[in-house]
Structures are given as structure tokens and as C-alpha cells.
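Trainee: Here it is, the structure, as C-alpha cells.
Computed from the coordinates by the stated procedures, all read-outs in this text should not be read as laboratory data. Model, not experiment: these values are computed from the prediction. Don't worry about glycine lacking a Cβ; one is built from the backbone with ideal geometry, like all the others, and counts go over all protein chains shown.
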Amino acid sequence: MRLASHLRRSRHGVYSFRLVLPASLRAVLGQREIKRSLGTKSPTAARLLAYHLSARMIPIVEEAKRLAAHFDPDRIDADSIRKLIVEGLRIGADGSVSADRLETTPGREAEELRAFSTMIDRARTRLGQRMAGEPTAAQLAERDELAAAIGLPPRAPSPPVDVPQRLDEAIAAWLSHLGSLAGSTRKAYATALAGFARAVGGPDALVHSIARAQCIRYAEGLLTQTSAGKTLHPKTVRAQINASELFMKWAVGNGRHAGPNPLEGVARPSPTRSDEGGAEAFTLDELKLIFEPERFNDAKRPHQFWAPLIALFTGARANEIAQLRLQDLEPVDDLPCLRIAHDPRGENPTRTKNADSTRTIPIHSELLRLGLLDYIEDVRSAGGTRLFPHLPADSMGKREKYISRDFNEKHLPEVGVHQPRRKVFHSFRDTVETTLHANDAKPVQIDEFVGHKAEGMGAARYKAKYTPAQFAELVLPRLRYPGLDLSGLCYSRGRWNDWLSANIKP
């Protein structure tokens, strides 16, 4: 038998009466519900007793709402006070009230009523804070009605949105607004927002209806979400919440949501060293193992030989090296230079991580000694237009896959250096920065040389970029590795010409 919503049955079979209080009265009455044992195991008797209690309790709740609006402890006589309290109001030491039979203390009726009035004021404040939270239109209408019943001022109307829009349409508009994102970044944003949409009502939900409580539940849900049987990495959770917050910031600023941003300040995992798993600089002993001549000279493919060496003397990212075009390796003011360019719409497209990543730096003398210019001419004679014309672009437009795979998963384990997420190709970047700092290069020079955002307002806004000639004078002399002997390494002209001619990729 299905029980009525106001009846509950204990494990011993005894029925009880339950009256759930409206949200607005939970704060005023200090409890979520009124529950009374009916002292019977008979369902028929329980229904009759419940009807009787409903007839008594519901008027008490209505009276409580009325009293909250009209109570004035200084204008009511003791007999009336006693009558009202006995009919259902108890004032606790903390100012809480319960819908129950009350007793007053003779001679202290007015004092108790003043305490009740103070409690009402606190309850109004708490209720106002709760009403500022999330809810649906139906919940807001109910709350407005109940708030009016207990004397709260009307809730200020929400400012209208300029562009009411479905969530899927708004996400598409935001991604379009971001312009020429890297493919991997666009995919990461789209994945994060697809999960956000599922959590807040689906792609058909209206953006302006997204509430803070929904966003909190979304963020908390990510912490328990699993993929392939494992919970999401804290870094992944943080990235997805950050992406969704950026989207909602845009929605507020562009008329889709009245604001404030419901994701701003929502808790997310704090970054830790173990979360980030950041790359670490190679030590001198590790560099000796990596560039041990007999093994390193035996590289089977051009990128296996040149990419680590270029990284060692530029600090460039793997994809920045992988996508280099021959036109990016041309002299500037008679200096052989390497240009990291953002040219996503070019015939041979390239992308950088951000605006600060674009830079032109002189080619280190050690790379020239090793024969980099000879290799460039070999690529040109083989018909290639990129430094590594055999590296294909992936679905995101990146070409770094084989550089990272061959170095991280093959070369480093073979020489006994590899540590997952610690000692990897990206460690060359840290190695260059660490070396330049140790040799007293200025931080702003280091940042610009490796393509970091310059720190400080002066560096970021008022300083012209360094020229290749200035880098050659100020930075390259400090990019040296005492104790690392590379004299046993050298490129042989024409080494990969036949192989390159047969393996050029678009």
C-alpha cells in the first residue's frame, strides 16, 4: 500500500504524521517539518488521526506567518500573549521557534515576545540571503507569496536579460567569439561546456536561468565523476570549471545572463605539485646521458636528432619546433634566426600557445656548428617546406606527436632518464630557463626569449620587444652548458635526403 505524503511508517510498524513546512517558514520556525507519532499500527486509524492533526497544525502555521508580519510586543497585553504562545509558539534560547504547544513564564511574557521579535528579524535576514540564491520561476513565485505572508519586503525583480538564448546556441556563440583558438584548446572548452550543459539542465536550457546552486552541484559532481573507472584528475576538474566560468563571464557581459556570474568563487581543487606533475629541468648528468654521442648519432629520423638539440638551445615548446617552416628559418639583419609564428590561416598554417609565444630569436652558435643550416638546405632540395616535412598534422593541427613520443617513450627510457610528467621533452624548457637564471640573464629577457608573458606592468606594457641582435648580445652568451661536451655530435650533409623525399607529408 502506498502511503500518503503526510504519513510515515517506522520499522516497528507505528505510523507518524509529517507536515513539511514551506521553505520561507523553515528559517522562522527553526525546523524543516513537524512530525508527531500517531501511536497506532493501523493505516485506517493513522489516516483519521492525520486528518485531525492537519486541521490543527495548518492553522498554526498560517498564524505563525501572520504573527511574523504584525507582532508588536509593546502593544499587546499579557493575556493575549499567553493565548498566542499556548496556541503554538515556543521561543528558544537561541531565538528559534517551533510549531508546538508552548508555555510562557509568568511575568516574562513581554520579554519573551521581544526575543521572538529579534528572532524574526534574524530570520528575515537569513531568508533574504536564501532567496538571493538560485531557484526556478515556480520556486521564486512560491517564495514571494510566503515572504509576503510573513511580512518580508517584495523581492527586487531580476534585471532582464538582453539576449535570451539556449545554452547550446550560447556555447557556439562563445566559441566563435574566441576566434582562432588552437584546436586542442577549442576541443577542451567544448568538452567542458558539454558536461556543464548536462549538469544545469541540458543544451535546451536557457542561459539566464542558470543558478548558483546548479553550478555548485556541477562542480561537486565533477569530483565524483569517473572516466574509464577512475575519478577525474584534480587538474582536469579545475580546468573544466575554469572553462565554464569563463563562458558564464562572457554570458553575463554579453546579455545572456543577468549576473552575477554564478560560477565565480565556486570551490574547485587547489593546485598542488602532485596535481600539476610539472616538468623539471634536466641535470648535467642527465644531459650527458641524453646526448651521449654513440647513441644520439644513431637517430633514425631527423626530428629525433634535431628537435632535442633545438629545444636545448631555444627552450621552444615541442609543437613550436615541430611546425617550423623553412620560411621561419631565415636571416634577420644578417643573423641566422628562428621565428616562432602564429599564422593559422596561412598556406602552411602554424599556431602558438598565446600572443607572447610569437618571437624571433637568433640561432645559437652550437646549432650552427652541428650543421643545422646544412640540414635546412637538404630539406629544401628534397622539396620540403617545413623543417620536419615528414611530421603529419593531427586533428588539432599539431605536429608534435612523434617528437614527444619518440623522446619521452623511447629515448629517455633507453638512457635511464625518463620520469613520467617530470623528465620529459618539456624539461628542456625548464633547463633553458634555469641555465639563463644561473648565468644572470634578466628575467624579462628570459621570458621573452622562451615565449612567456613578461611579468610586471613596465615589462608588459612599456618595453619594446628585444631584437634578434639584442638576444644575440644579451642572452645567447649566457645559454651555455659547462661540462656538456657535444663535440661528438655532427650532422652529415644529405643524411636523410632520400628518406625525406619519399616521406613528405602535407
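Trainee: Calculate, in whole percent, how much of the Cα-Cα pair population of the range 284-502 lies beyond 24 Å.
Mentor: 42
Trainee: Hey, another quick one. From the phi angles alone, apply the Karplus equation (6.51, -1.76, 1.60; θ = phi - 60°) to the range 427-434 and give each ³J(HN,Hα) in whole Hz, x where the residue is Gly or Pro.
Mentor: Values, residue by residue: 4, 4, 4, 5, 5, 5, 4, 4 Hz.
Trainee: Here is a follow-up. Students often get this wrong, so check it: of Lys187/Lys398; Lys187/Lys300; Lys187/Lys410; Lys288/Lys401, which have C-alpha atoms separated by over 22 Å?
Mentor: Pairs exceeding 22 Å: Lys187/Lys300; Lys187/Lys410; Lys288/Lys401.
Trainee: Sort Asp378, Asp430 so the one with the fewest other Cβ atoms within 10 Å of its own Cβ comes first.
Mentor: Starting with the residue having the fewest Cβ neighbours, the order is Asp430, Asp378.
Trainee: Among the GluC sites (Glu not before Pro) within the range 290-392, which fall in a DSSP loop and have no more than 11 other Cβ atoms within 10 Å of their own Cβ?
Mentor: Those satisfying the criteria are Glu347.
Trainee: Within a 10 angstrom radius of the beta carbon, how do Cys215, Cys337 rank from fewest other beta carbons to most?
Mentor: Cys337, Cys215
Trainee: If N is the number of residues in the range 181-315, what value comes out of its Cα radius of gyration divided by 2.2 N^0.38 Å?
Mentor: Against the compact-globule rule of thumb, the ratio is 1.52.
Trainee: Taking θ as phi - 60°, what are the ³J(HN,Hα) couplings along the range 325-330 by the Karplus curve (6.51, -1.76, 1.60), each to the nearest whole Hz, with x for Gly and Pro?
Mentor: Result, rounded to whole Hz: 9, 4, 5, 8, 10, 10.
Trainee: Expressed in nm to one decimal, what extension gain is obtained for the pair Gln470 and Leu284 from 0.36 nm per residue of sequence separation less their Cα-Cα distance?
Mentor: Here the answer is 64.2 nm.
Trainee: What does the charge dipole of the range 284-502 about its Cα centre add up to, to the nearest 20 debye, if the Cβ of each Lys and Arg holds +1 and the Cβ of each Asp and Glu holds -1?
Mentor: Value, rounded to 20: 640 debye.
Trainee: Please arrange His177, His12, His233 by counting, for each residue, the other beta carbons lying within 10 Å of its beta carbon, fewest first.
Mentor: His12, His177, His233
Trainee: Please report, to one decimal in angstroms, the Kirkwood hydrodynamic radius of the range 266-352 built from all distinct Cα-Cα pairs.
Mentor: It is 16.1 Å.
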